[in-house]
């Protein structure tokens, strides 16, 4: 029987190069990101879901009325990451935050950085910062920062 | 890519990074694979020979502590001709994945078959390992590039069934 220290151990990586079909409505949401616009969908009740939702979870109706929201918004909740791990997109301390964008009634999950933990409050105003390369992805929004 | 396609699909890769710890049976097996040797383990109760060994006999529930050196010759127990390319796989279809039953072993393992027209592959066909150059050997069955047919009579399929002892 081998000692524990003699056991072979090796790093592995399991990778799947998925392509995801985003569907007719969400495709418009992702395309708009490349134009530095964030879209929500408006329900017949007047409620605006952002990011865009294909169906209204309350009335169950199919949604198609796209409206622009943000780029500013309010932090509704956040979780501070003092020591980002290697798979995090931001290497400096940052927060995952639920952000209710201006004009929206729901919040979206994104990152807030370039601030100290003590600077963040529920209700703090933040605004979207855009990536240098726009690829029709949610990461086209690089992160949010506190409004000056 | 057309405008329509661009709208319909988003690249969405998923990566899982992890460490694999081999355990004592697999560590012993792979240490010998690194030296170009294939060593199975035998069950002290039913005598079944497992390669690659997992350290215990799933039928008897006992440790397989007897080491059994094996040859790199065997036969094809089962096979699949792969015609559909898998993204990122450097092997060009059509190619053959086969369950390899080494001589003296009671179970098989998956490897490639090369060096023959895929239409001629059959169960029971005699094959032998083609090894990479010795200086490329690592702790992996990839030290064997693939198996290739050898000029020996086919094995009777009935003998491939698990032998009760």
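The values are calculated or read from the model by the stated rules, or taken from the named source; none is laboratory data. Computed from a predicted model, the values in this text were never measured in an experiment. For neighbour counting, all protein chains shown are included, and Cβ atoms are generated from backbone atoms with ideal geometry for every residue, glycine included.
Filter region B:1-25 down to residues that are over 16 Å from residue A:30 (Cβ atoms) and more than 7 Å from every other protein chain (Cβ to nearest Cβ) and give me whichever is modelled with the highest pLDDT.
For region B:1-25, the residue satisfying everything is B:25.
Looking at A:59, A:133, A:127, can you tell me which residue is more than 14 Å from every other protein chain (Cβ to nearest Cβ) and assigned to a loop (DSSP other than H, G, I, E, B)?
A:59
Residues of region B:89-109 being in contact (Cβ under 8 Å) with a residue 60 or more places away in the chain and assigned to a strand (DSSP E or B), which ones? It would help to see each step written out before you state the result.
Of region B:89-109, the ones in contact (Cβ under 8 Å) with a residue 60 or more places away in the chain are B:102, B:104-105.
Passing the criteria: only B:102.
Based on what the data block shows, is residue B:80 under 30 Å from residue A:16 (Cβ atoms) and not in a strand (DSSP E or B)? Please lay out each step first, then the result.
On the way: under 30 Å from residue A:16 (Cβ atoms): yes; not in a strand (DSSP E or B): no.
In short, no.
Mind telling me which of the residues A:98, A:33, A:39 ends up being over 30 Å from residue B:86 (Cα atoms), in a helix (DSSP H, G or I) and in contact (Cβ under 8 Å) with a residue 12 or more places away in the chain?
A:33
Identify, by number, the condition in (1) assigned to a helix (DSSP H, G or I); (2) at pLDDT below 95 that residue B:163 doesn't meet.
(1)
Out of curiosity, is residue B:52 farther than 30 Å from residue A:34 by Cα, outside any helix (DSSP H, G or I), touching a residue at least 60 places away in the same chain (Cβ under 8 Å) and within 14 Å of chain A (Cβ to nearest Cβ)?
Against the criterion (farther than 30 Å from residue A:34 by Cα, outside any helix (DSSP H, G or I), touching a residue at least 60 places away in the same chain (Cβ under 8 Å) and within 14 Å of chain A (Cβ to nearest Cβ)), residue B:52 qualifies.
Which count do you get for residues in region B:134-151 that are outside any helix (DSSP H, G or I) and either in contact (Cβ under 8 Å) with a residue 60 or more places away in the chain or under 19 Å from the mean Cα position of the chain (by Cα) (or both)?
Residues in region B:134-151 being outside any helix (DSSP H, G or I) and either in contact (Cβ under 8 Å) with a residue 60 or more places away in the chain or under 19 Å from the mean Cα position of the chain (by Cα) (or both): 11 in total.
Only one residue in A:109, A:101 is more than 14 Å from every other protein chain (Cβ to nearest Cβ), within 18 Å of residue A:125 (Cβ to Cβ) and surrounded by 17 or more Cβ atoms within 10 Å (Cβ to Cβ). Which one?
Exactly one residue qualifies, and that residue is A:101.
Restricting attention to region B:32-49, does a residue exist that is within 13 Å of chain A (Cβ to nearest Cβ) and modelled with pLDDT under 95? Even if it seems obvious, please write down each step before you answer.
Looking only at region B:32-49, we keep the residues that are within 13 Å of chain A (Cβ to nearest Cβ), and these are B:32-34, B:41.
Add one more test, that the residue is modelled with pLDDT under 95, and what stays is none.
Scanning region B:32-49 turns up no residue that is within 13 Å of chain A (Cβ to nearest Cβ) and modelled with pLDDT under 95.
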